[in-house]
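Have a look at the structure below, then the notes.
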Amino acid sequence: MKPDDPLLKILVCPLDKGPLILDPTGCALYNPRLRRRYPVLDGIPQLLPGSGEPASD
C-alpha cells in the first residue's frame with residue numbers, strides 16, 4: 001500500500017471507527033488511539049478486529 005492511495009481516506013479502525021495511519025514501510029495500518037497495528041498483506045488491509053495486534057512504541 002502506498003501513502004497516496006485514495007483508499008486510506010476511507011479506511012477506519014474496526015474497533016473505534018477512527019482513521020488509520022499507514023506505517024513508513026507500508027506493511028501495516030496503525031491506530032494511535034488504541035495503539036493497534038493491522039497488517040497489509042499483498043496490498044490488502046486486514047481490518048478484522050481479531051487481526052489487529054498491540055503495537056509497541
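The values are calculated or read from the model by the stated rules, or taken from the named source; none is laboratory data. Please read all numbers here as calculations on a predicted model, not as lab measurements. Every residue, glycine among them, receives a Cβ derived from its backbone with ideal geometry; neighbour counts consider all protein chains shown. To get the accessible areas, we keep the full protein, side chains included, count just its heavy atoms, and leave off ligands, DNA and RNA. Shrake-Rupley method; radii C 1.70, N 1.55, O 1.52, S 1.80 Å.
For segment 9-24, name all the residues that are over 9 Å from the mean Cα position of the chain (by Cα) and more than 15 Å from Glu53 (Cβ to Cβ).
Going through segment 9-24, the residues over 9 Å from the mean Cα position of the chain (by Cα) turn out to be 9-10, 14-18, 24.
Residues satisfying the conditions are Lys9, Ile10, Asp16, Lys17, Gly18, Pro24.
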Task: Which numbered condition Arg35 fails, given (1) touching a helix residue (DSSP H, G or I) at 6+ places or on another chain (Cβ under 6 Å); (2) on the phi > 0 side of the Ramachandran plot - done: (1)
Task: Extreme residue, nearest to Asp4 (Cα to Cα), among residues of segment 43-57 that are small (Gly, Ala, Ser) and out of contact with any strand residue (DSSP E or B) (no Cβ under 8 Å at 6 or more places or on another chain) - done: Gly43
TODO: Count, please, the residues in segment 6-44 that happen to be open to solvent by 50 Å² or more (accessible area, probe 1.4 Å), of a type in the set (D, E, K, R) and assigned to a loop (DSSP other than H, G, I, E, B).
DONE: 5
Open item on the list: The conditions are (1) at pLDDT below 95; (2) in contact with a strand residue (DSSP E or B) (Cβ under 9 Å, 6 or more places away or on another chain); (3) on the phi < 0 side of the Ramachandran plot, and Pro24 fails exactly one of them. Which is it?
Closed with: (2)
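Determine, yes or no, whether Lys2 is open to solvent by 60 Å² or more (accessible area, probe 1.4 Å) and in contact (Cβ under 8 Å) with a residue 24 or more places away in the chain. So that I can check it myself, show each step before the final result.
Numbers: open to solvent by 60 Å² or more (accessible area, probe 1.4 Å): yes; in contact (Cβ under 8 Å) with a residue 24 or more places away in the chain: yes.
For Lys2, the condition - open to solvent by 60 Å² or more (accessible area, probe 1.4 Å) and in contact (Cβ under 8 Å) with a residue 24 or more places away in the chain - is met.
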